[in-house]
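In what follows, a single structure is set out as structure tokens and then discussed.
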Amino acid sequence: MLIKFDNNGNYQSTKINTSCAAGTGSFLDQQADRLNLSGIEELCDRALNNSDALPFIASRCAVFSNTDIIHAQQKGFSVNAICNSLCKGLAENINNTVFNREPPSLPIIMTGGVSKNLVVREYLEKLIKTTFLYNENSQLFGALEPGLCFSMKKKT
């Protein structure tokens, strides 16, 4: 979801990803389970540790990505490469659906569970050519007061 505010902090608009789970962190949770990983943290760690070429995995549809994962495994791609490809695909999906492939107004505060996934964040930052503002509790922002947005710090 992309929520826009004006320079005075007044709400302007909301853009929501209309894709299935493929456009959310839930997509990566599903894929971690499918790959028999302990969870999203292991998927992210494996993606971070990948040094292999990436297979193509369709990230617009969770059903199609399952088929592509099977093909990647049959072709001998490592689990690390598959995890990295899944993270890259999620970043591309966010860029295509939420940002409409156009750089949003700056600054950008990334929140929600996916904000904790360094691999997705870095791919998305490269795609939109910016650095997100980041807070160590960003995964909780949906449940906390909006005033937390003012305690942001630049990602290091």
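The values are calculated or read from the model by the stated rules, or taken from the named source; none is laboratory data. Because the structure is a prediction, the values reported are computed rather than measured. Neighbour counts are summed over all protein chains in view; Cβ atoms, including those assigned to glycine, are modelled from backbone coordinates with ideal geometry. Note: areas computed on protein heavy atoms with side chains; ligands, DNA, RNA excluded. Shrake-Rupley method; radii C 1.70, N 1.55, O 1.52, S 1.80 Å.
Kirkwood analysis of segment 27-121, using all unique Cα-Cα pairs, places the hydrodynamic radius at 13.7 Å. Heavy-atom accessible surface of residue 42, to the nearest 10 Å², is about 50 Å², with a 1.4 Å probe and all protein chains retained. Electrostatic bookkeeping for residue 35 treats Lys and Arg as +1 and Asp and Glu as -1; over the other residues with beta carbon under 12 Å from its beta carbon, the sum is -1.
Comparing Cα centroids, segment 91-110 and segment 46-76 end up 23 angstrom apart. Surface calculation, 1.4 Å probe, protein heavy atoms: residue 97 sits at approximately 20 Å² accessible. Rolling a 1.4 angstrom probe over segment 78-124 with all protein chains present gives an accessible area of which 49% lies on carbon and sulfur atoms. Once the 1.4 Å probe is applied to the protein heavy atoms, segment 42-138 comes out at 50 Å² accessible per residue. With unit charges on the beta carbons (Lys and Arg positive, Asp and Glu negative) and the dipole taken about the Cα centre of segment 1-127, which residue among 10, 55, 114 sits farthest to the positive side? Final value for the positive-end residue is 10.
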